[in-house]
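Notes to accompany the following structure.
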Amino acid sequence: MNWDEFAKWSKEIADWGARYHKTLRDRPVRAQTKPGDIAAQLSRTPPKEPEDMATILSDFDAIVMPGMTHWQHPRFFAYFPANATPPSILAEQLVNTVAAQCMLWQTSPAATEMEGVMIDWLRQALGLPDGMTGVIQDSASSATLSAVLTMRERATGFTSNRTGLSGQGQLRIYCSDQVHSSIDRACWVSGIGQDNLVKIKGTGPRFGMDARTLDAAIRSDLANGHIPAGIIAISGGTGVGGSDDLAPILAVARAHDLYTHVDAAWAGAAMICPEFRDRYWHGIAGFDSIVFNPHKWLGAQFDCSVQFLRDPTPQLNTLKIEPEYLKTTGESVTNYSEWTIPLGRRFRALKLWFLIRSYGLEGLQTRIRNHVMWAEELAEKIRALSGFEIVTEPMLSLFSFRCPGDDADQQRLVDAINDDGRIYLTQGAFEGRKVIRVQVGQFETTRQDVLMVRTVVEEIWRALK
Ligand SMILES: *Cc1c(COP(=O)(O)O)cnc(C)c1O
């Protein structure tokens, strides 16, 4: 394909994108295909001869699109959101076209410098203290793994990268039972092990860990010769939004000289609204590492995960490696690949620059405030349905409910709702019972879309009875 043809198809795809988004409301939210349906339509062997783009694109419409679940659908209320706003898509088109590797300052000076500035824009937007720096990673899972590796190195005097973990005492990491599975996996792959991830039951109205219980667990481990390495707090857990009280946890960490990380992958975006910070982020400024995903609720499409660091030195001492072929000469510059596990890096800051400039912080705040308000309104409407119960109250824009009946009835209702296609919900578990989760966070959703959840839930539940 030559570049003139590229320009022609690129315009077609832009038109396709606008049509797609304008007609999304008419499609079922969750893909209505059976496993294997799509693979059966794909050629089993690679083509020998070139095919033309018109054929490829028409197959895309005919084969691929029916097999997509529409994350950008205004009535997507499952999991957490994955917004792709128009300015962010445009920025990604530019990034894809230039396709630079942004591992070192020298390999992409603009990407490196803009990354530093975007981290600082977001630091200000979230009310984090002056002097906090950070790095953009692909996912919260990677940022959390980086923080856990830093905990491991710091607790072993920065020796375990060299010597491995054998012969060391057992390193221990503490968190609540509301954390995301990425925390478990970070402990697996860092060599710390699941058995050394101490989970403390979340209690109270927001299911946070109790600081005294945490302190007692650390003391008991010390008495047993274990090596406490770090504490991971959760701010907005995936299941039901469980959130730790940060300030008392920080005090425990300080008392035992432990490294701290906050997983705010989803809820962090809401902290651009100052009114939520008191409830969810009191004490955040003292944490060593904080992760939040602009690729969830802020409008930048995957992947874009920001890890803030109070002092990057321990993470750099954990992850930095400088073989001869990566050395650059000249002035001292930031090489962000030294802050993270992968070497290669995409130019992720550009979509933040496009996004934040296009909407302004106020435009982004308005969306998040609406989502929270509409989720609260919807929870009241579902509470009013006879026999229905709100199991966990709204935490920001996430709540969970149950219809009358047992666990199997909950799953039957979720499946029937998703087969219907007008809205998309997923199930979760809370205190041993199955619950139905609702989160509001899609950028194009309206109050009417959100309130429609009640109508669909009631209608489908009646039909199942
Ligand atoms: C989504 C989520 C994650 C994982 O995020 P990735 O960027 O997909 O790795 C981790 N923690 C919480 C609380 C989340 O909501």
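A few notes on this one:
Quick grid of which residues meet (1) more than 16 Å from the ligand (Cβ to nearest atom); (2) on the phi < 0 side of the Ramachandran plot; (3) not hydrophobic (A, V, I, L, M, F, W, C):
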position: L258; (1), (2), (3): yes, yes, no
position: H261; (1), (2), (3): no, yes, yes
position: Y280; (1), (2), (3): no, yes, yes
position: S289; (1), (2), (3): no, yes, yes
position: A300; (1), (2), (3): no, yes, no
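- Checking A247 against (1) open to solvent by 10 Å² or more (accessible area, probe 1.4 Å); (2) touching a Gly at 6+ places or on another chain (Cβ under 9 Å); (3) within 30 Å of I390 (Cβ to Cβ); (4) in a loop (DSSP other than H, G, I, E, B), the condition it does not meet: (4)
- Residue count, the range 108-163 (criterion: of a type in the set (G, A, S) and open to solvent by 40 Å² or more (accessible area, probe 1.4 Å)): 5
- Within the range 329-380, the set of residues being under 24 Å from A91 (Cβ atoms) and of a type in the set (K, R) comprises R345, R346, R348, K351, R357, R367.
- Restricting attention to the range 419-460 and to residues that are out of contact with any helix residue (DSSP H, G or I) (no Cβ under 9 Å at 6 or more places or on another chain) and in a loop (DSSP other than H, G, I, E, B), the residue that is nearest to T392 (Cα to Cα) turns out to be E431.
- Taking (1) over 16 Å from S141 (Cα atoms); (2) assigned to a strand (DSSP E or B); (3) of a type in the set (A, V, I, L, M, F, W, C) in turn, V262 satisfies each apart from (1).
- Looking across the range 21-57 at every residue that is in a loop (DSSP other than H, G, I, E, B), open to solvent by 70 Å² or more (accessible area, probe 1.4 Å) and touching a residue at least 24 places away in the same chain (Cβ under 8 Å), the one that is nearest to F6 (Cα to Cα) is identified as R27.
- Complete set of residues in the range 167-224 that are touching a Cys at 6+ places or on another chain (Cβ under 9 Å) and within 25 Å of P394 (Cβ to Cβ): I183, K199, I200, M209
- Among the criteria (1) open to solvent by less than 10 Å² (accessible area, probe 1.4 Å); (2) out of contact with any Ser or Thr (no Cβ under 9 Å at 6 or more places or on another chain); (3) farther than 28 Å from A211 by Cα; (4) not basic (K, R), the one W353 does not fulfil is (1).
- Counting only residues that are among the small types (G, A, S), outside any helix (DSSP H, G or I) and open to solvent by less than 10 Å² (accessible area, probe 1.4 Å), the range 378-405 holds 2 of them.
Per-residue answers, yes or no, for (1) of a type outside the set (F, W, Y); (2) over 21 Å from the mean Cα position of the chain (by Cα):
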site: A285; (1), (2): yes, no
site: D288; (1), (2): yes, no
site: F302; (1), (2): no, no
site: T328; (1), (2): yes, yes
site: E331; (1), (2): yes, yes
site: Y336; (1), (2): no, no
site: R348; (1), (2): yes, no
site: E362; (1), (2): yes, yes
site: V372; (1), (2): yes, no
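- Sole residue being open to solvent by 40 Å² or more (accessible area, probe 1.4 Å) and more than 16 Å from the ligand (Cβ to nearest atom), chosen from P66, P74: P66
- Taken over the range 311-350, the residue count meeting the criterion of being small (G, A, S) and exposed (fewer than 15 other Cβ atoms within 10 Å of the Cβ) is 3.
- The sole residue among F80, F60, F158 that is over 24 Å from N335 (Cα atoms) and either in contact with a Leu (Cβ under 9 Å, 6 or more places away or on another chain) or in a loop (DSSP other than H, G, I, E, B) (or both) is F80.
- Matching residues in the range 187-206 - criterion: being crowded, with 18+ Cβ neighbours inside 10 Å and touching a residue at least 60 places away in the same chain (Cβ under 8 Å): R206
- Considering (1) touching a Ser or Thr at 6+ places or on another chain (Cβ under 8 Å); (2) at positive phi; (3) of a type in the set (D, E, K, R), the lone condition that E431 does not fulfil carries the number (1).
- Residues that are more than 15 Å from C304 (Cβ to Cβ) and outside any helix (DSSP H, G or I) within the range 89-123 comprise A99, A100, Q101, M103, L104, W105, Q106, T107, S108, listed in sequence order.
- Answer residue from the range 217-239, given it is in a strand (DSSP E or B) and open to solvent by less than 10 Å² (accessible area, probe 1.4 Å) and is nearest to the ligand (Cβ to nearest atom) among those: I234
- Note on the range 302-342: residues that are more than 16 Å from the ligand (Cβ to nearest atom), assigned to a loop (DSSP other than H, G, I, E, B) and in contact with a strand residue (DSSP E or B) (Cβ under 7 Å, 6 or more places away or on another chain) amount to 1.
- Test: C273 is under 23 Å from the mean Cα position of the chain (by Cα), more than 12 Å from the ligand (Cβ to nearest atom) and of a type outside the set (S, T, Y): yes
- Residue satisfying condition, being within 20 Å of A82 (Cβ to Cβ), assigned to a helix (DSSP H, G or I) and either of a type in the set (A, V, I, L, M, F, W, C) or open to solvent by 20 Å² or more (accessible area, probe 1.4 Å) (or both), within set A463, A416, A375, A408: A375
- Scanning the range 441-460 for residues that are crowded, with 20+ Cβ neighbours inside 10 Å and of a type in the set (V, I, T) yields T445, V450, V453, V457, I460.
- The condition (being without any contact (Cβ under 8 Å) to a residue 24 or more places away in the chain, within 14 Å of the ligand (Cβ to nearest atom) and either under 24 Å from G164 (Cα atoms) or of a type outside the set (K, R) (or both)) is satisfied by just one residue among D244, D177, D184, D210: D184.
The values are calculated or read from the model by the stated rules, or taken from the named source; none is laboratory data. Predicted model only: the values in this text are computed from it and were never measured. Neighbour counts run over all protein chains shown; Cβ positions are idealised from the backbone, glycine included. We work out accessible area using only protein heavy atoms, side chains counted, and drop any ligands, DNA or RNA first. Shrake-Rupley method; radii C 1.70, N 1.55, O 1.52, S 1.80 Å.
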